[in-house]
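A short reminder: the numbers here are calculations on the coordinates, not readings from a lab. Being a predicted model, the structure only gives us computed values, none of them experimental. Glycine also receives a Cβ, built like all others from the backbone with ideal geometry; neighbour counts cover every protein chain displayed.
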There are 2 protein chains.
Amino acid sequence: MRIALLGGTGDIGEGLALRFARDTDHEILVGSRDPEKARDAVEEYEATLSEHGVDADLKGFANEMAADRADVVVLSVPPYYVGDTVDAVADRLDEDTILVTPAVGMQGDEDGMHYHPPGAGSVTELVAQRAPDEVPVVGAFHNLAAGKLADLEVEFDLDTLLVADDADAKKRVRDLTNEIEGLRPLDAGPLANAAEVESVTPLVINIARYNDDLEDVGAKWV
Amino acid sequence: MRIALLGGTGDIGEGLALRFARDTDHEILVGSRDPEKARDAVEEYEATLSEHGVDADLKGFANEMAADRADVVVLSVPPYYVGDTVDAVADRLDEDTILVTPAVGMQGDEDGMHYHPPGAGSVTELVAQRAPDEVPVVGAFHNLAAGKLADLEVEFDLDTLLVADDADAKKRVRDLTNEIEGLRPLDAGPLANAAEVESVTPLVINIARYNDDLEDVGAKWV
């Protein structure tokens with residue numbers, strides 16, 4: 001399987017690239033608006049993986065090229081770029097491409113981070129609205145602390161919640177998630193339930209801020 | 001310490017009454033709009049505790065009387081009664097009474113449960129607005145599955161998140177929570193961060209619904 005990480009030079013993209021490359025046999029395509037930046041990131045990720053004894057062969061592309069070649073396209077871009085990124089790659093997607101969205105709209109103030117969804121109700125639903133009708137959308141990897149994700153020294157024991165209306169696409173992302181060591185996929189229902197999933201992201205940031213003994217907080221649902 | 005559970009005949013009230021009675025030495029006052037119902041619940045709770053080898057002496061009162069006598073008043077009522085319940089007991093509270101609110105506004109549809117906060121931003125902030133200015137308000141016990149809470153056979157290993165603007169009141173509720181076996185209090189910041197805490201409640205219900213191997217789901221923040 002080919003997995004494209006659009007905005008794969010950002011922190012969530014980095015973590016997913018490293019973990020997918022280490023734990024799975026899938027081909028990892030790092031995308032960026034600037035293909036040069038994507039190739040620089042690939043060099044850096046390969047060096048990190050090599051330090052951990054993993055001989056990986058990632059590829060860097062412009063987002064459009066990465067999306068064009070992939071079976072699973074992860075929108076690992078900041079929330080305010082998500083809509084434009086979907087538009088930019090829309091004609092490279094079809095019913096066989098799964099679009100995965102981990103982004104969350106947040107606003108910070110002196111008290112902490114607050115959930116700030118777009119008018120569509122959630123970033124996940126915004127992606128579903130903007131994507132071509134035939135492209136299945138799955139919300140996943142929302143509440144993972146980027147620092148922990150990108151640090152291969154950290155042994156995960158975390159859950160991630162999936163939302164999707166397309167049962168087959170959800171199952172494929174579930175299987176893919178299961179390949180990442182220590183990451184358990186759980187079903188949170190259809191896309192309409194995405195807001196409750198996304199709003200955990202500002203919460204884990206607040207918990208990390210207000211508890212001295214916790215950092216890079218994630219959730220286990222028990 | 002005297003702990004009043006207003007609406008203590010409901011499912012969250014039952015669970016808190018049983019756990020506080022079993023795990024702490026505090027005096028538990030079960031409140032209800034109907035004092036007869038409160039006394040019936042007390043008999044039932046004492047019988048359950050007795051089955052578990054706990055010889056407890058709870059008391060049942062009308063909500064106003066329970067609030068009047070307590071150091072900590074827990075608003076374990078449905079979210080749409082919270083405002084009226086605060087109004088009903090307001091003149092029984094003072095700066096030495098901590099008002100604790102676990103209620104969450106939700107709406108269900110065919111997809112699942114959705115967070116539905118009041119205009120104040122969260123039920124917790126609504127309570128703070130309606131309570132007399134001098135009464136400290138703490139949000140706590142939001143995301144605990146009532147079934148698990150009330151089943152003393154279940155050994156807890158769960159977290160609960162605290163929000164408050166009053167550091168002393170938050171510390172006292174933190175200490176109190178620590179007395180419940182297997183329940184870890186974590187700080188989620190000031191009252192302004194309550195919405196992100198409350199919105200976990202519909203989420204845990206959705207997770208329980210969509211994962212066959214999970215029920216009465218709770219959260220661990222790791």
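Please go through the residue pairs B:LYS59/B:LYS170; A:LYS220/B:LYS59; A:LYS170/B:LYS170; A:LYS59/A:LYS170; B:LYS37/B:LYS148; A:LYS37/B:LYS220 and name each one whose alpha carbons sit more than 29 Å apart in this structure.
A:LYS220/B:LYS59; A:LYS170/B:LYS170; A:LYS37/B:LYS220
Mind jotting down the three principal axis lengths of segment A:104-222 based on Cα atoms? Whole angstrom, largest first.
Each principal axis gives a Cα extent; for segment A:104-222 these are 46, 33, 25 Å.
Using θ = phi - 60° and the Karplus curve 6.51 cos²θ - 1.76 cosθ + 1.60, what whole-Hz ³J(HN,Hα) does each residue of segment A:154-163 get, with Gly and Pro shown as x?
7, 7, 6, 8, 9, 10, 10, 9, 10, 10
Alpha carbons only, please: Rg and Dmax for the protein assembly as shown, in angstrom.
So, for the protein assembly as shown, Rg and Dmax equal 23.9, 75 Å respectively.
What does the extension gain come out to for A:ARG22 and A:ASP109, with contour length at 0.36 nm per residue minus their alpha carbon separation?
Taking A:ARG22 through A:ASP109 to full extension adds about 27.6 nm, to one decimal.
For B:THR160, what residues show an amide H to amide H distance below 5 Å, using hydrogens built from the backbone and excluding near sequence neighbours?
Here B:ARG184, B:LEU186 satisfy the definition.
How large is the helix-only mean residue ellipticity at 222 nm for chain B, computed as the sum of -39500 (n - 2.57) over DSSP H runs with n ≥ 4, divided by its residue count, in deg cm²/dmol to the nearest 500?
It lands at -11500 deg cm²/dmol.
What is the sum of charges, Lys and Arg at +1 and Asp and Glu at -1, for the other residues whose Cβ falls under 10 Å from the Cβ of B:ASN206?
-2
For chain B, just list the percent of Cα-Cα distances falling in each 5 Å bin from zero outward, please.
Pairs per bin, as whole percents: 1, 8, 16, 20, 21, 17, 11, 4, 1, 0.
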